[in-house]
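Notes follow the structure.
The values are calculated or read from the model by the stated rules, or taken from the named source; none is laboratory data. Just so we're clear, the structure is a prediction, and the values are computed from it rather than from any experiment. Note that we place each Cβ from the backbone using ideal geometry, even for glycine, and neighbour counts take in every protein chain shown. For the accessible areas, the whole protein counts, side chains as well, though only heavy atoms, and no ligand, DNA or RNA atoms are used. Shrake-Rupley method; radii C 1.70, N 1.55, O 1.52, S 1.80 Å.
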Amino acid sequence: DGMRRSYEPRGAESDGAVTVWFFGGSTLWGEGQRDLHTIPSEVARLAEADGVPLRVVNYGIRGYTAFQEFLVFEQELGRRPPPDLAVFYHGANELYSLLESPANFGSQPSVFQLEVVREAFARAPALPGDDPPPEPSVARDYAETGVVSRLWRSVRGALEDPAAAQEAAPVPSEVLVRATDEAAQIYRRSVALIRHLAS
């Protein structure tokens, strides 16, 4: 139902419990983490230790940006009573979503996760006579996207072929400046929408 399972302390279902909704990308969702040890689950544990029963709801979704979190927040407010508090944990995906594909450039939050959508279509069930796509794997995803894995690949590549490593230029500064500016514009508008909706 769009929520990741979270730790439920004693008293979380009582009338006096404080309801907290959490929104964010993979870090908030808990990439590679057990359900009961995500950020929302740990916040519930810390509150329980202080005698405050929290009913936490994890609406985090891998790769989501502030604008997408706003849309989920709006949708959930239409489906259920509002929480006592909503927590938004974001920032990195705003810039990453613009840098992942040139088609994403622009100051409008209209094209998100283009490469993820393409990958989803690639993983779709095979047509009759086609080879099936590989099964999804958290380990393979981490090996492809994790910071340590990417760093290791770049170091290994530089050791194996120093000339090629020198030719592989980082993101040009003008592209990074443009992406940062556009991401900041979208982010500021998204936060304003979240605050307006919360009020």
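With respect to Tyr187, is the statement that it is surrounded by 10 or more Cβ atoms within 10 Å (Cβ to Cβ), at pLDDT 70 or above and hydroxyl-bearing (Ser, Thr, Tyr) true? Considered against the rule, which asks whether it is surrounded by 10 or more Cβ atoms within 10 Å (Cβ to Cβ), at pLDDT 70 or above and hydroxyl-bearing (Ser, Thr, Tyr), Tyr187 comes out as yes. Taken residue by residue, segment 107-114 has no member that is at pLDDT 90 or above, within 18 Å of the chain's Cα centre (by Cα) and open to solvent by less than 70 Å² (accessible area, probe 1.4 Å).
Per-residue answers, yes or no, for (1) at pLDDT 85 or above; (2) of a type outside the set (D, E, K, R); (3) surrounded by 10 or more Cβ atoms within 10 Å (Cβ to Cβ); (4) part of a loop (DSSP other than H, G, I, E, B):
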{"residue": "Pro125", "(1), (2), (3), (4)": "no, yes, no, yes"}
{"residue": "Pro134", "(1), (2), (3), (4)": "no, yes, no, yes"}
{"residue": "Ala158", "(1), (2), (3), (4)": "no, yes, yes, no"}
{"residue": "Ala163", "(1), (2), (3), (4)": "no, yes, no, no"}
{"residue": "Leu176", "(1), (2), (3), (4)": "no, yes, yes, no"}
{"residue": "Arg195", "(1), (2), (3), (4)": "yes, no, yes, no"}
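Annotation: of all residues in segment 1-51 being open to solvent by less than 10 Å² (accessible area, probe 1.4 Å) and β-branched (Val, Ile, Thr), the one that is nearest to the chain's Cα centre (by Cα) is Thr38. Scanning segment 69-89 for residues that are in contact with a strand residue (DSSP E or B) (Cβ under 7 Å, 6 or more places away or on another chain), of a type outside the set (Asp, Glu) and open to solvent by 70 Å² or more (accessible area, probe 1.4 Å) yields Leu85, Tyr89. Take the residues of segment 55-68 that are of a type outside the set (Gly, Ala, Ser) and modelled with pLDDT under 95: which is surrounded by the fewest Cβ atoms within 10 Å (Cβ to Cβ)? In this case the residue turns out to be Arg62. In summary, Ala66 fulfils each of the numbered conditions (1) aliphatic (A, V, I, L, M); (2) in contact with a Pro (Cβ under 9 Å, 6 or more places away or on another chain); (3) without any contact (Cβ under 8 Å) to a residue 60 or more places away in the chain with the single exception of condition (3).
For segment 90-106, the candidate set comprises residues that are among the polar types (S, T, N, Q) and crowded, with 16+ Cβ neighbours inside 10 Å; within that set, the residue that is farthest from Gly63 (Cα to Cα) is Asn104.
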